[in-house]
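The numbers here are math on the coordinates, done by the rules we state, and not lab data. Please read these numbers as outputs of a predicted model, since none were measured by experiment. Positions of Cβ are backbone-derived with ideal geometry, glycine not excepted, and every protein chain shown enters the neighbour counts.
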Amino acid sequence: MCGIVAATARREVSEILLEGLRRLEYRGYDSAGLALIDAERNLLLHKRLGKVAELEKAQAMTPHLGCVGIAHTRWATHGEPSAANAHPHISGNRIALVHNGIIENHEPLRAELRAAGYEFLSQTDTEVIVHLLHQQLAQGCEMLPALKQIIERIEGAYAIAAIDAENPDTVVAARSGSPLVIGVGIGENFLASDQLALRQVTDRFIFLDEGDVVAMTATGLHIENAAGDLVERPMQRVSEAVEAVDLGGFEHYMLKEIHEQPRALAATLGLGSEHHIDDARFGEGASAVFDKVRAVQVVACGTSYHAGLVARYWLEELCGIPCSVEVASEFRYRSRARREGTLLVTVSQSGETADTLAALRDQSEGEFIASLVIANVDHSSLVRESDLVFLTRAGTEIGVASTKAFTTQLVAFLMLAVVLGRRHGLSEVRERELVDALHQLPDCVASTLQLDADIKRLSEAFILKHHALFLGRGIQYPVAAEGALKLKEISYIHAEAYPAGELKHGPLALVDADMPVVAVAPGDELLEKLKSNLEEVRSRGGELFVFADRKAGLRDEPRVHVLNMPHCPAVIQPVTYTVALQLLSYHVAVQKGTDVDKPRNLAKSVTVE
Ligand code: G6P
């Protein structure tokens, strides 16, 4: 998704802007650009289609230098990926502007600006903002009042940053529906859509609130809230290590992040030797909220949605309370029946996904008793706007296809099931068993990772295929769904998941020698039933890849390949099987030669609808 970096300093900032863009590359983008104001007050611009490396080449050929600048990575929404549509957009050869989000009323504004003589050089919605800003500044308005005037006129979601060659020290910015953070330096200030972009220059951040507008110079910050009052937002020191941007000897971030899971899971569990999960892990006031919970509504997108689907089995089994799970883009737009005592749980790696955030914001009066977010990014919008927070400790996830964030979300949900279960008849003995199983989780995942070479061998059979089916029963069905999602995201093989029992109600028609079928079949009580589904596949010439507990006693047979998984407590098997399927997709993608960490058309964090 789009990324913003801006700087105002007494030193030259082009390299800081480029480094910021490099750090945001993982989020997915198709073009990039930067604009600087030089010592003679000229506005200098480079825009390139493709990677930040292309922008670096342009900068190497024709260096643009300045102490004030803005930069951007774009993920196309309005207008194809091209250099012309890349940001910054300029107006009157003096103003440059970058924007994340979507301006919904861009068409009437464009018509109005055209009538006023403005020429449009791009197909983007963003270009209307820069011309509107120019209109105000040309009438003699100061930068911040001008920005405030124009945000009155635009509808939609935005994070904006702009510079003006005639006000060469200042960056102005505004946020509504898209994140922005100020990085505070010594005698210099920065701005970005994600603090990660600025960790090279500072560890002191001011997270802007919805509706905030900012004027910043190298030495001064002026922040106004949505009501127009001058405000001081707290400065926070972010001490988390910046190790994540380093590949650490792995070929891809995705592989690194898959291997980081034992550590990420242990950090998320945060358990010493104790066998008790404290309500307080979910935030201040969690106990009082949990006492009132009679049902759970999970809302999320993508991989995080799959975490919710797994959680439904745990919450209903261990707590005996109803749990519904829905993708946020559907949930937010339908009329919903109420259920007394429902806790809203949003799940999001980034904490910024537009639809999930909208679902949290759009709840009707009294619809939920409280909101809980399971998120991986502290200070993110979902974290700041939810009543209760569980922070997963996956560390920064760079690979677009989510791996360690997902498995840590599962841990969060299992912990939630334990604390809620306690209030709904979960016995102390069972609680102890569950916490014991959680204690074993990092080691079980480490043993699963040791199957890497075997999984790589299995993956070879997928490279020339165009489709794949994933089957699972019970709680392993959403695990199969997550396995299918990983395969399609990074290898571009069309993959679908079905509850194994549904096979004969449609997908069996697709099964032939060209359709590999992956079955997630731990040795649970459903294995016998699954075995007959597997026969259905085999007898139609399909090739089977069965991930099974080594104690289940399945053996390789003609057209049946068995991967013997480590024997682990049943309750944590959704995590271990997920890890095995992550490795399968990874190896297929690597052998196909796709861009594993930045798959085509996808973005790490989807901050527009
Ligand atoms: C994008 C990413 C997915 C992610 C989804 C939800 O589509 O490519 O990997 O699962 O957004 O993101 P979130 O940050 O809310 O978990």
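For the range 353-387 and the range 569-595, compute the distance between their C-alpha centroids and round to whole Å.
29
Going by average Cβ density within 10 Å per residue, which order do the peptides 596-604, 542-550 take, highest to lowest? List each step's numbers first, then the result.
On the way: 596-604: 19.4, 542-550: 21.9.
My ranking of the peptides, most packed first, is 542-550, 596-604.
Return the calculated 222 nm mean residue ellipticity for the chain, to the nearest 500 deg cm²/dmol, obtained by summing -39500 (n - 2.57) across DSSP H runs with n ≥ 4 and dividing by the residue count.
Details: 18 runs with 203 residues, N = 609.
Rounded to the nearest 500, it is -10000 deg cm²/dmol.
What ranking do 404-414, 555-565, 77-87 get when scored by the average of other Cβ atoms within 10 Å per residue, highest first? Intermediate values should be presented prior to the final figure.
On the way: 404-414: 27.5, 555-565: 15.7, 77-87: 18.5.
So the peptides 404-414, 555-565, 77-87, ranked by packing, come out 404-414, 77-87, 555-565.
Quick one: if you stick a label point 7 Å off each Cα along the C-beta vector at GLU274 and GLU112, how many nm between them?
Placing both labels 7 Å beyond Cα along the Cβ direction yields 5.8 nm.
Answer with one residue from LEU344, GLY187, ALA174: the one whose Cα lies farthest towards the positive end of the charge dipole of the chain, charges on Cβ with Lys, Arg +1 and Asp, Glu -1.
About the Cα centre, the residue reaching furthest to the positive side is LEU344.
Which whole DSSP H helices in the chain pass both tests: a Cα extent of 30 Å or more along the axis and a mean Kyte-Doolittle value no lower than -0.5? Numbers along the way, then the final one.
Working: long enough: 428-449 (32 Å, -0.11).
Going by DSSP H runs, the hits are 428-449.
Cα-Cα over 28 Å: which of LYS57/LYS456; LYS292/LYS529; LYS404/LYS598; LYS51/LYS404; LYS456/LYS551; LYS465/LYS598?
On the way: LYS57/LYS456 37 Å; LYS292/LYS529 38 Å; LYS404/LYS598 16 Å; LYS51/LYS404 26 Å; LYS456/LYS551 22 Å; LYS465/LYS598 21 Å.
Violating the 28 Å limit, Cα to Cα: LYS57/LYS456; LYS292/LYS529.
Expressed as a whole number of Å, what is the distance separating the alpha-carbon centroids of the range 1-16 and the range 109-156?
Comparing the Cα centres of the range 109-156 and the range 1-16, I get a distance of 23 Å.
Hey, fewest Cβ within 10 Å first, where do GLU12, GLU188 land in order? Can you show the working numbers first?
On the way: GLU12 17, GLU188 21.
Least crowded to most crowded, the residues run GLU12, GLU188.
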